[in-house]
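Data first, discussion second: the structure below is written as structure tokens.
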Amino acid sequence: MAKIKAGIIGATGYAGLEIVRLLLNHPEVSVAAVSSVSYEGQTLSHIYPALQGHCDLTLVKDTDVVTACDVIFGSMPAGVSEPIARQCFNAGKLYIDMGADFRLTDEADYIQWYGKKYEDPELHQQAVYCIPEIHRERLLGKNKKLIGNPGCYPTSIALGLYPAVKGNAVDLSTLVIDSKSGVTGAGRGLTQNTHYPDCNEAFAPYKIACHRHTPEIEQTLGELSGERPTITFVPHLLPVNRGIVSTMYVSLQNGVGKEAVRELYTAAYEKEPFVRVLPEGEIANLKNVRYSNHCDISLHFDNRTNRIIIVSAIDNMGKGAAGQAIQNMNLALGLPETAGLQAVPPAF
């Protein structure tokens, strides 16, 4: 049986490259075409020598990727995906957007946080936002053709909070979120704070209380709780290549004990192949999820303040981007959900 043909637009960016790397090991999908505005005409393996002999495709135009493939991943900045998504949608091909263009259901949020309007509002009505462990039913058997792949910070945070919020165990008005990400989260383009002399041996917050992922986080928590919260979210830049650790501080509802909370997490994730709720006393660590589609969650209770401290660790390029996109592709196409994503994290 012929393999499904996948194409990656923006294949020389970090997320696009990670999609290529993961799909090279997918049993039912082949990488058929790749594009890059900056490197058109060159081979992907020339830009990334690690791919020599594995993916020597020549980088072509975006439209050529759409023509050649059955499923297209768009790894592009916010504000440029709509025309490609429309072309794919009209052709009946699955398009998975890795950027922010199809994540937010309310255009007002997009205007406020990204400074742009929807040029094709009808297309946005067709988009499905999916963190599989939370929204799987949005894709299963629905023949959806447009997926807004979630952001990295929102994924780590939503998975960390989902059981507690869904189970009404916490007071979201008290929620404070503190996240740390490796520098690949900023993309391949050089910025001052990701310049080696500035980020090496450094550690600091950035975009304090104004990060663009804030409305996406609030949107998901609002769907789970029935009332959209206003959160405090502070991201930090870690001097490492990849990984996210999100630490969430939130008060427990009156009468809710730690045993009940742990039962909520066990019940929510016991059958999930990629989420690991760690035993009491262990702490989630990005080291243990690198190069994987796993999310590790640890639960900690402060009896003095009646607060729970939830630590969630993911690989920002894996579960936070490419891995989750492939997981969503598998769901949308009726493939085994774990296909191509079963790599074990390295121990060191």
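A short reminder: the numbers here are calculations on the coordinates, not readings from a lab. Just so it is clear, the model here is predicted, and its values are computed rather than measured. Ideal geometry is used to build each Cβ from the backbone, glycine not excepted, and the neighbour counts take in all protein chains shown.
A few points about this structure:
- The chymotrypsin sites (Phe, Trp or Tyr not before Pro) found in the range 157-250 that occupy coil by DSSP, while having at most 14 further C-beta atoms within 10 Å, are 203, 206.
- Residue 168 paired with residue 348, simple spin-label distance in nm, labels 7 Å along Cα-to-beta-carbon: 5.0
- Fraction of antiparallel bridges per DSSP, the chain only, in percent to nearest 5: 45
- Pairwise label distance in nanometres, residue 119 with residue 28, each label 7 Å out on the Cα-Cβ vector: 3.5
- Within a Gaussian network of the chain (alpha carbon springs, distance under 10 Å), most fluctuating of 251, 38, 156: 38
- Candidates 191, 155, 214: whichever shows maximal mean-square fluctuation once the chain is modelled as a Gaussian network with Cα springs under 10 Å: 191
- Burial ordering of 196, 118, 265, fewest other beta-carbon atoms within 10 Å first: 196, 118, 265
- In degrees, nearest ten, helix 152-166 long axis to first principal axis of the chain (Cα): 40
- Note on the chain: helix-only mean residue ellipticity at 222 nm, from DSSP H runs of 4+ residues weighted -39500 (n - 2.57) and normalised by residue number, equals -8000 deg cm²/dmol.
- Cross-link pairs exceeding 27 Å between alpha carbons, from the set 271/319; 5/117; 3/180: 5/117; 3/180.
- Other-chain or far-sequence residues with amide H under 5 Å of residue 240's (modelled H): 183
- Alpha-carbon Debye profile of the range 1-42, log10 I(q)/I(0) at 0.17, 0.18, 0.29, 0.31 Å⁻¹: -0.44, -0.49, -0.98, -1.06
- Of the trypsin sites (Lys or Arg not before Pro) in the range 194-285, those whose Cβ has at most 12 other Cβ within 10 Å and which sit in DSSP loop: 271
- Extents of the range 153-316, largest first, come to 50, 30, 29 Å (Cα atoms, principal axes, whole angstrom).
- Rounded to whole Å, the principal axis extents of the Cα atoms in the range 81-122 read 31, 18, 14, largest first.
- Cβ-based exposure ranking for 95, 14, in which fewest neighbours within 10 Å come first: 14, 95
- Rounded to the nearest 10 degrees, the angle from helix 258-269 to the longest Cα principal axis of the chain is 20 degrees.
- Between the Cα long axis of helix 214-225 and the first principal axis of the chain there is an angle of about 60°, rounded to the nearest 10.
- As a proxy for reagent exposure, ranking 96, 231 by other Cβ atoms within 10 Å from fewest up yields 231, 96.
- The calculated FRET efficiency for the pair residue 188 and residue 64, based on their C-beta separation and a Förster distance of 22 Å, comes to about 0.50.
- Max mean-square fluctuation residue, GNM over the chain, Cα-Cα springs under 10 Å, options 226, 79, 323: 226
- Rotationally averaged projected area of the chain (alpha carbon convex hull; nm²): 17.7
- Under Karplus coefficients 6.51, -1.76 and 1.60, residue-wise ³J(HN,Hα) of the range 48-64 in Hz, glycine/proline x: 10, x, 4, 8, 4, x, 10, 8, 9, 5, 7, 6, 10, 6, 4, 5, 5
- For the range 218-303, applying the loop criterion from DSSP together with a ceiling of 12 other beta carbons within 10 Å to the GluC sites (Glu not before Pro) yields 227, 270, 280.
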